[in-house]
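Peer 1: Okay, handing you the structure first.
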Amino acid sequence: MKNNLFTKIQIMFLQLVVLAGVYIIMCKGASDASIAPMEKYEKEALYSAIQGFVGNEWNGSFLYPDPCGWTTIEGVSCDFSNGFWHLTDLTIGDLYDNSLRCSQAPEFRQHLFDLKHLKRLSFSNCFLSDQNKQITIPISNWDSLANSLEWLEFRSNPGLTGTIPTSFGYLKNLQSLVLLENGLEGEIPEALGYLTKLKRLVLAGNNFVGPIQDSLGRLTNLLIFDTSRNFLSGALPVTIGDLTSLIKLDLSNNRLDGKLPREIGGLKSLTLLDLSHNNFSVGLPETFKEMDSLQELVLSDNPIGDCVTRIEWGNLKNLEMLDLSNMGLTGSIPNSMTEMKNLRFLSLSNNILSGIIPSKFEKIPTINALYLDGNDFTGKLEFSPRFYAKLRSRFRASGFEYKKDSVLVVTKEEYEKCKSSHPIFFSNNEKSIYKLEQPGLYYFISGVSGHCERGLKMIIKVLEPAAPPQSANHTSSPTVAGANVANVINGVVFVAVLFVGFFM
């Protein structure tokens with residue numbers, strides 16, 4: 001018994017000694033870190049680099065003992081290793097009250113590339129267009145940061161011109177490259193295809209031209225790819241389908257053209273796809289239906305033509321936003337388009353669609369915006385008053401367009417006589433819009449002699465609301481389309497956008 005007790009006491013004593021040793025080491029390490037300096041060469045390189053951007057009058061004299069010490073400054077962060085503090089993050093630009101703000105004549109100095117531990121480098125609102133001279137990104141020395149740099153950003157620098165350096169291709173550990181809203185130009189270099197660890201590539205809001213390079217298909221870890229608001233041209237490369245990790249792809253507002261490659265259907269993780277305001281044509285590949293993770297799909301303002309009937313829209317079960325406006329679409333709305341049960345927003349405006357508007361849109365529980373104006377739909381709208389009340393001004397639908405005619409809003413007597421010398425409203429712009437803002441009867445006739453007598457007239461009745469509005473914020477109204485037949489609209493008072501169906 002005594003031996004066992006002695007053994008337990010020994011073990012407890014040893015544990016206490018070990019814990020005490022660990023505590024002393026931790027305290028010593030913390031103490032060393034609190035008083036440790038930056039290495040002299042790194043501090044000198046940092047000060048010179050900062051002075052290049054903010055001016056030589058900055059000397060860091062208020063920082064103790066250096067930018068990594070007790071006195072901090074926004075935009076500078078450090079890590080402690082091997083007995084020294086090392087700079088890891090450097091942000092230049094007007095972001096915070098205590099930020100390093102650029103002078104009127106900022107410049108890149110060689111010392112920037114001597115910061116061998118730098119992981120993150122960012123410039124925001126630094127290089128402005130009203131500065132003394134235009135600034136370009138250095139074309140060399142980026143290989144000096146190849147082992148450390150993970151994040152490189154240039155945001156909102158309109159005075160930053162020139163091209164993307166091909167030497168960016170040396171930054172093998174880079175995970176984020178953001179060149180957003182600068183004055184950069186030229187083509188996207190093929191060398192960016194070597195940045196295989198990239199997860200984010202944003203080149204939006206510059207003046208880039210030329211194609212999207214095939215080599216970018218090697219960026220298989222990429223999650224976000226945004227080249228919107230440039231002047232890129234040419235066809236989309238088939239290697240776009242190799243970017244299987246993508247969750248966001250925005251190529252909008254460029255000059256891209258040709259047929260979309262079927263390989264785009266391989267982007268099964270994609271949640272946002274925006275190809276709007278380009279020149280894509282020749283329809284959509286059937287593989288679109290395979291992108292079943294899509295939540296937002298924007299294809300508007302492309303001359304794609306007939307595509308709505310070729311896609312099984314019901315397969316896109318997660319889709320919440322679909323914009324197919326101004327695409328030259330023909331044919332009728334397929335029933336599968338009413339099977340997207342998570343859809344919140346749908347626009348088919350300004351196409352050449354015809355036929356009847358499916359009433360099943362009302363069955364989509366999440367729908368709160370439906371824009372169908374600027375087409376050639378016929379027949380009656382079969383939606384309930386509750387549907388119009390739910391969508392209010394977020395619903396637009398056109399009955400018919402007219403040519404070589406005019407539309408008049410008149411009194412009941414003038415409606416019966418098919419004649420008016422002083423109409424309440426007159427329009428001959430081929431797409432007439434008239435707001436129905438009060439309950440009552442509205443009388444419409446053709447303004448061309450003989451047309452009203454042949455039946456080109458209609459009445460729209462707006463009823464009083466069944467119940468008072470819930471609040472002052474609920475006085476806006478849903479939108480309803482008229483046709484060349486009498487219409488009776490039940491429910492709340494509403495504003496109607498009317499495309500009246502007068503024909504020659």
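The values are calculated or read from the model by the stated rules, or taken from the named source; none is laboratory data. Treat the numbers as computed from the prediction; the structure is a model and nothing was measured. FYI the Cβ positions are ideal-geometry reconstructions off the backbone, even for glycines, and counts take in every protein chain you see. For accessibility, only protein heavy atoms count, side chains too; no ligands or nucleic acids. Shrake-Rupley method; radii C 1.70, N 1.55, O 1.52, S 1.80 Å.
Peer 1: With the convex hull built on the Cα atoms of the stretch 338-396, state its orientation-averaged projected area in nm².
Peer 2: Averaged projected area of the stretch 338-396's Cα convex hull equals 3.7 nm².
Peer 1: With the full set of protein chains in place, find how many percent of the accessible area of the stretch 334-429 is carbon and sulfur; take the probe as 1.4 Å.
Peer 2: Carbon-and-sulfur percentage of accessible area, whole number: 49.
Peer 1: Taking amide H atoms as placed 1.01 Å from N in the peptide plane, list the residues 5 or more away in sequence, or in a different chain, whose amide H sits under 5 Å from that of Ala369.
Peer 2: Leu346
Peer 1: While we're on this one: Multiply the residue separation of Lys435 and Asp89 by 0.36 nm, subtract the distance between their alpha-carbon atoms, and state the gained length in nm to one decimal.
Peer 2: Gain in length upon complete extension: 118.9 nm.
Peer 1: Restricting to Cα pairs below 8 Å that are 6+ residues apart, what does the relative contact order work out to for the stretch 111-163? Please round to a whole percent.
Peer 2: Once normalised by length, the contact order is 55 percent.
Peer 1: First check a/c for the stretch 228-277, with a ≥ b ≥ c the square roots of the eigenvalues of its C-alpha gyration tensor; if it is under 1.5, answer rounded, and if not, answer prolate when a/b is larger than b/c or oblate otherwise.
Peer 2: Oblate.
Peer 1: Return the FRET efficiency for the residue pair Lys116, Asn221: r is the Cβ-Cβ distance, R0 is 25 Å, and the value is rounded to the nearest 0.05.
Peer 2: Efficiency for this residue pair is about 0.50.
Peer 1: Another question, then. Take Ser359 and Thr378, extend 7 Å from each Cα along the Cα→Cβ direction, and tell me the distance between the two endpoints in nm.
Peer 2: In this crude label model, Ser359 to Thr378 measures out at 1.9 nm.
Peer 1: Distance in nm between label sites at Glu74 and Ile459, each 7 Å beyond Cα in the beta-carbon direction?
Peer 2: 6.7 nm
Peer 1: On alpha-carbon atoms, Rg over Rh for the stretch 199-315 using Kirkwood Rh?
Peer 2: Rg divided by Rh gives 0.93.
Peer 1: Relative contact order of the stretch 153-301, please, whole-number percent, based on alpha carbon pairs below 8 angstrom and at least 6 residues apart.
Peer 2: Relative contact order, the stretch 153-301: 16 percent.
Peer 1: Specify whether the C-alpha gyration tensor of the stretch 269-317 places it in the rounded, prolate or oblate class, a ≥ b ≥ c being the square roots of the eigenvalues: rounded for a/c under 1.5, otherwise prolate if a/b is larger than b/c and oblate if not.
Peer 2: oblate
Peer 1: Across the stretch 196-204, in residue order, what do the Karplus-derived ³J(HN,Hα) couplings come to in whole Hz, using 6.51 cos²θ - 1.76 cosθ + 1.60 with θ = phi - 60° and x for Gly and Pro?
Peer 2: Result, ordered by residue: 6, 8, 4, 10, 9, 10, 10, 10, 6 Hz.
Peer 1: Measure of size requested: the Rg and Dmax of the stretch 344-432, with Cα atoms as the atom set and Å as the unit; please supply both.
Peer 2: 15.9, 47
Peer 1: Any of Lys40/Lys172; Lys404/Lys461; Lys412/Lys435; Lys199/Lys341 with alpha carbons more than 21 Å apart? Name them for me.
Peer 2: Beyond 21 Å: Lys40/Lys172; Lys404/Lys461; Lys199/Lys341.
Peer 1: Please compute the per residue accessible area over the stretch 184-242 with all protein chains in place, 1.4 Å probe, rounded to a whole number of Å².
Peer 2: Normalised by residue count, the accessible surface of the stretch 184-242 is 37 Å².
Peer 1: What is the gain in length, in nm to one decimal, between Asn147 and Asp292 on full extension, counting 0.36 nm per residue of separation less the C-alpha to C-alpha distance?
Peer 2: Length gained, Asn147 through Asp292: 48.4 nm.
Peer 1: What's the long-distance tail for the stretch 108-170, i.e. % of Cα pairs beyond 15 Å?
Peer 2: 54 percent
Peer 1: What are the ³J(HN,Hα) couplings of the stretch 285-296, residue after residue, when phi is run through the Karplus curve with 6.51, -1.76, 1.60 and θ = phi - 60°? Round to Hz, x for glycine and proline.
Peer 2: x, 4, 5, 4, 5, 7, 8, 7, 8, 4, 10, 9
Peer 1: Another question, if that's okay. Could you check the spin-label model distance between Ala369 and Lys199? Points 7 Å from the Cα along Cα→Cβ, value in nm.
Peer 2: Distance between label points: 3.0 nm.
Peer 1: When a/c reaches 1.5 or more, the comparison of a/b and b/c decides; with that in mind, is the stretch 312-352 rounded, prolate or oblate per its Cα gyration tensor?
Peer 2: oblate
Peer 1: With every protein chain left in place, what is the accessible area per residue of the stretch 117-183 in square angstrom, probe 1.4 Å?
Peer 2: Result: 39 Å² of accessible area for each residue.
Peer 1: Tell me, what % of the accessible area of the stretch 184-291 is carbon and sulfur with a 1.4 angstrom probe?
Peer 2: Solvent-exposed carbon and sulfur of the stretch 184-291 make up 48 percent of the total.
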